[in-house]
Structures are given as structure tokens and as C-alpha cells.
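The values are calculated or read from the model by the stated rules, or taken from the named source; none is laboratory data. Since this is a predicted model, take the numbers as computed values, not measurements. Cβ sites come from the backbone with ideal geometry, for glycine too, and all protein chains shown count toward neighbours.
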Amino acid sequence: MASAGQATRLEPHFQDLAKQTHAARLGMWVFIGSEALLFSALFALYAAYRVAYPGAFEDAAGHTNLALGTIMTAVLLTSSFLVAMSLGRIRRRLARDAVLFLAGAAVLGATFLVLKGMEYAEHFRDGIYPGVWYRASALPGQGANIFFTLYYAMTGLHALHVLGGVLLLAWLAWLVRRGRIDDAYHTPLELGGMYWHFVDVVWVFLWPLFYLLR
Amino acid sequence: MDASRITERTYWRTWIALMALAAATFGLSFLDLGMLHVPVALLIAGAKATLIALFFMHLVQERGSIPIAVGIWFLLLAILIALTAADVLTRDVMLRPPASGP
């Protein structure tokens, strides 16, 4: 039943590829759950400080770049869509399309990082640095300082995940190109895609909290 | 269990829904919703996250241990957020001296 290609990908402790893939996806969901807890601790901290400094948080959120933040949201949502499409194409044996979609998703991820860097540079010019280095004369006060320290911690941690994701997508594109991922076996693409979608979900929450709720 | 049940048409629809929700939350951020401002924004973000998890991450077709694992970590996140909120929202009340009995 299983082709020679499939057989080499099946580990000896699994009965068949379907069970192995299910176990792999379960493992990925558990990993994503632990990542979600890491980010949730920071979201809880944000909630606590927003209750403590409601006015300062609204003023500070009004100081982030709404246009850039919105473009970054569209970029990441579209990038996620391209990764989903690459899986759709590989299942239809259209490996060349899958490589193009993955490359496009990686380019959008890199675009996100460039935009994020531009925004950080903009903040640095205004004296908005994290923690004890904060010296923004336009937004004095502890509340604004805490807002931007959380902003750097949360968007910075997220940006590191995006960086990892871009490298992962590039690697997946290379694997598809080399024929190591195909319609019969695409678990790495599925799991890598799940990671990228999770990074997208985190931004879906960062965007309103740091840009929209002004 | 087999991921091949979700088609490219579903991916397209999910992406269009996500962009529409993003546009909606962007537009709503300019309205003065008062107390509802934060809940509405978080509700829309939650809807987007649900769409991504169900269709891009294929959660809609998972059976058995995966929905259980996801359900449990969602419950843990809810406890983390709810207890933190319960703390900070009731600090004023708790610091007040207790009312004297009748």
C-alpha cells in the first residue's frame, strides 16, 4: 500500500503515516500552547497596567504609527494565507506553485520586519526607549513609559518569532523545491505553517492593543 | 483527520473574512464606543484568531486528542487572564475598610 517514498518517512514506532502525522500535529499544538502561555503572561501584564493607567495607555497608543501597524496586519494575514495556499498546491502536486507561495510568504514576513524596524527607528528619534532609558518629552509619565516598555517587550518577542518564521518558510520552500516535501508527505510544511499562523494570531491581538485602542 | 478535506476555496474565503474583520476593527477604532471600545476590539481579534485556528491551522477537522489539548490550554489561558483581571479590578474594593455590621 505505502510507496517506497512513504516507507522511508515512516518511523518504526508508528503503525502508519496517518498515526505518525496525527502525533506530529498533536505535538505541534502542545508546543503552540506553551508559546501561547508565554505571550499570555505578557498580555495579562498589559491588562493589569492598562487598568492602572487607562488615560496614559490611550495617549501612548495614539503615538504608535497606525498606518504602519495596519499595513503590517494586512501583510501578516496575507502571508498566512499564502502559506495555507502552498499546502493546498502541494496536495494537488503543484510543487512549483507551492515554492512560489512559500517564497512570497517569506518575503512578506521580511517586509513586516522592515516596517517594524522603521517604526522602532521612528520611536528612537522621539526618545522612546524601553525602561530606564525612556526619555520622551512629548509623553512624560510612568504610564507611557510602562506602555512603551511593554510595547518593546511584546512586539520585540513577536518580531523574533517572525524572524524565526521567515527562516523556516525559506527552508520549507527549499525542501519543496528539492522534492523532499510532496503530495504524499508534507508534515513539515503543515507544522511549519501552523507555527506561522500562530505568529499571525499573536499579531492579531498586538495590533488592537498597541495601535487601535487610542 | 486527513487535512485534504479543506480546499483552497476555504483558504480564500478565510482570507477575505480576515481582511474584512481587520477593516471593521480599524473603522470601529475611530468611533467613540466608550466602555465597549476594548471588548469590541478584543472580540473581533478573537474572531480572527478563531478563523485562523479553524481553517488555516485545520483545527476544524481534528478529532480526538488534539481538540482536548487545545481546549485545555485555552482554559488555562482563560484562568490566567481572568484571575489577573479579578485582582486588578477589585483592588479598590478590597483596600476599603469592611462595612460595619447592622
The listed residue being touching a helix residue (DSSP H, G or I) at 6+ places or on another chain (Cβ under 7 Å), touching a residue at least 24 places away in the same chain (Cβ under 8 Å) and either surrounded by fewer than 16 Cβ atoms within 10 Å (Cβ to Cβ) or away from chain B (no Cβ under 13 Å) (or both), out of A:161, A:186
A:161
Tell me, yes or no, whether region B:86-93 has at least one residue that is at pLDDT below 90, closer than 26 Å to residue A:186 by Cβ and at the interface with chain A (Cβ under 7 Å from one of its Cβ atoms).
no
Taking region A:106-143, which residues are more than 22 Å from residue A:204 (Cα to Cα) and among the basic types (Lys, Arg)?
A:125, A:135
Just to check your reading of the model, which residue among A:115, A:108 is closer than 29 Å to residue A:183 by Cα and in a helix (DSSP H, G or I)?
A:108
Could you tell me whether residue B:32 is outside any helix (DSSP H, G or I), of a type in the set (Asp, Glu) and more than 9 Å from chain A (Cβ to nearest Cβ)?
yes
Pairs under 7 Å by beta carbon, first residue more than 7 Å from chain A (Cβ to nearest Cβ) in region B:48-64, partner β-branched (Val, Ile, Thr) and not in a helix (DSSP H, G or I), six or more apart or different chains?
B:55/B:6; B:58/B:6; B:61/B:6
